[in-house]
Amino acid sequence: MKNLFAILLFFYTLSAFAQNNTTVEQETEVDHKWRVSLPYLVPDEIIFGWNKRTSIQMVELHVKRNLDNKNIFGVKFATWRLFQPMGITWWDGVVDKIESGTEYYDGFLRETGIGITYQRMLWKGLFASVEVLPQIQTYTDLDGNKIKNGFKVYNSVHLGYHFAFFKKRFFIEPQVHVNQWMFDNNSPEGFKEFDDKYGNVFPFEPNLYIGWKF
């Protein structure tokens, strides 16, 4: 909980700083009120790696509404499949553990949810955003047989840059995330030993989103 408060306080500070420095600016009419976007990993997973043992089978979609040129609210749908704990960080050797298979679950964890997002444009294309995603968890064995259900709330803070092309309709947003989750405490045997080993924060996750405005 303390980690979540720290993350939200960081985001609020960025937003307040930006707002104080832009109050004298005259807001202009929004060219495109709606936007949809998804991570570049989604088509890569679907086309090239869906059935692999290490595939996260990720599908994620954002639908957002531009209230003005600074404030953007949205809805996020996401589902993914975990084969090892989400809390394994870079300095824990997350890539090495994927290759070695030493921290694999005795099955898979499917997490699916619908949440809300808020994005604040800070300066030119620079932005910060926060996302809150409640998720239903389904634990299965390697053959896909259900073991039990769980629940968690997945939160993330993002800092990135918005690049727009083709009359500002198509855009890409390279960014870095700090991810945190809570209430994730119902894992069965074969999962729990790995979940207990790592924390509930994954900092500095790079990502790239692609999208379209209309």
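Worth pointing out:
- Number of residues in segment 180-202 that are in a strand (DSSP E or B) and surrounded by fewer than 16 Cβ atoms within 10 Å (Cβ to Cβ): the value is 1.
- Selection from segment 73-91 of residues that are assigned to a helix (DSSP H, G or I) and either in contact with a Lys or Arg (Cβ under 9 Å, 6 or more places away or on another chain) or free of Cβ contacts under 8 Å to residues at least 24 places away in the same chain (or both): Trp91
- Failed condition for Lys168, given (1) modelled with pLDDT of 95 or more; (2) loosely packed, with under 14 Cβ neighbours inside 10 Å; (3) under 18 Å from Ile72 (Cα atoms): (1)
- Residue in segment 157-174 that is hydroxyl-bearing (Ser, Thr, Tyr), at negative phi and in a strand (DSSP E or B) present: yes
- Residues considered: Phe73, Phe17. Of these, the only one that is modelled with pLDDT under 75 and either of a type in the set (A, V, I, L, M, F, W, C) or within 19 Å of Ala128 (Cβ to Cβ) (or both) is Phe17.
- Any chance Val94 is aliphatic (A, V, I, L, M), closer than 18 Å to Phe204 by Cα and either at pLDDT below 95 or surrounded by 13 or more Cβ atoms within 10 Å (Cβ to Cβ) (or both): yes
- For segment 35-83, the set of residues classified as in contact with a strand residue (DSSP E or B) (Cβ under 9 Å, 6 or more places away or on another chain) and among the polar types (S, T, N, Q) consists of Ser37, Ser55, Gln57, Asn66, Asn69, Asn71, Thr79, listed by residue number.
- Hits in segment 111-132 - residues which are without any contact (Cβ under 8 Å) to a residue 40 or more places away in the chain, farther than 17 Å from Val176 by Cβ and not in a loop (DSSP other than H, G, I, E, B): Thr112, Ile114, Val132
- If you go through segment 64-81 and keep only what is among the polar types (S, T, N, Q) and either within 19 Å of Val153 (Cβ to Cβ) or in contact with a helix residue (DSSP H, G or I) (Cβ under 7 Å, 6 or more places away or on another chain) (or both), you end up with just Thr79.
- The listed residues are Gln135, Gln84, Gln57, and the only one of them that is within 23 Å of His158 (Cβ to Cβ) and touching a helix residue (DSSP H, G or I) at 6+ places or on another chain (Cβ under 7 Å) turns out to be Gln57.
The values are calculated or read from the model by the stated rules, or taken from the named source; none is laboratory data. What you see is a predicted model; the values in this text were computed from it and never measured. A quick note on method: Cβ atoms are made from the backbone with ideal geometry, for glycine too, and the neighbour counts reach across all protein chains shown.
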